[in-house]
Amino acid sequence: MPSKFQHRNLPHLLLIARETLLDQFRPILRARGLTEQQWRIIRVLSDGGPLPLKDIVTHCQIFGSSLTGIINRMEAQDFVARIQHPEDGRVTLISLTPKARRLVKQMQPLIDEAYRNIEAQLGEKRLDALIELLDETLNRFEAPSEPLSELRGEVRGDIPG
């Protein structure tokens, strides 16, 4: 008889939770023709300003090899632009275009509404506690600088998010 694990499968639970929560946002993204990866990039650039590709890889947890194609498509859609770093001409930064900034303004109330729905399901205190616990967990274990599966050499499908 196989032995039982002492703990529930935390990574699997987090993956299921991620997918469940993303269901709150997917219709908003689909209605605007955005992929989840594109929205992650737009959101990160909206929150933090222009970034080099390596920082986008880290913040968005997207493979560098995949990110190049995504950025190229986003550039063709006029969502992002490449600009030279003001202090280091060897570094190219990715910046949001005015079109993308308008999109963020249009989407912000819808995204906020999705968060209100999540908060209504969990309660404000529980949602705040969940976010605080996740932040603390990431700080204690030091979030990876690259997507984990890339660090381990694993093959990863296009997991949304």
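Can you work out D for the chain in µm² s⁻¹ from Stokes-Einstein, where Rh is the Kirkwood radius over C-alpha pairs, the temperature is 20 °C and the viscosity is 1.002 mPa s?
The Stokes-Einstein estimate is 121 µm²/s.
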query: Leaving out same-chain residues fewer than 8 places away, which lysines sit with a Cα under 29 Å from that of Lys54?
result: Lys99, Lys105
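What size of dipole, in debye to the nearest 20, comes out for region 1-121 about its Cα centre when the only charges are +1 on Lys and Arg C-beta atoms and -1 on Asp and Glu C-beta atoms?
The dipole magnitude comes to about 220 debye.
Give me His59, His12, His7 ranked fewest to most by other Cβ atoms within 10 Å of their Cβ, as a rough exposure proxy.
His7, His12, His59
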field: Longest DSSP-loop-exposure-free segment, trypsin sites (Lys or Arg not before Pro), the chain, at most 14 other Cβ within 10 Å
entry: 91-151
message: To make sure I understand, if each residue's beta carbon is the centre and we count other beta carbons within 10 Å, what order do Asp112, Asp55 fall in, fewest to most?
response: Asp112, Asp55
message: What are the ³J(HN,Hα) couplings of region 124-139, residue after residue, when phi is run through the Karplus curve with 6.51, -1.76, 1.60 and θ = phi - 60°? Round to Hz, x for glycine and proline.
response: 4, 5, 5, 5, 4, 5, 4, 4, 5, 5, 5, 4, 5, 4, 4, 5
- prompt: Using θ = phi - 60° and the Karplus form 6.51 cos²θ - 1.76 cosθ + 1.60, what ³J(HN,Hα) does each residue of region 36-45 get, whole Hz, x for Gly and Pro?
  reply: 5, 5, 4, 5, 4, 5, 4, 5, 5, 5
query: Between Phe5 and Leu122, 0.36 nm times their residue separation minus their Cα-Cα distance comes to what?
result: 39.3 nm
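Each value in this text was obtained by applying a stated rule to the coordinates, not by laboratory testing. All values derive from a computational prediction rather than experimental measurement. Note that each Cβ is placed from the backbone with ideal geometry, even for glycine, and that neighbours are counted across all protein chains shown.
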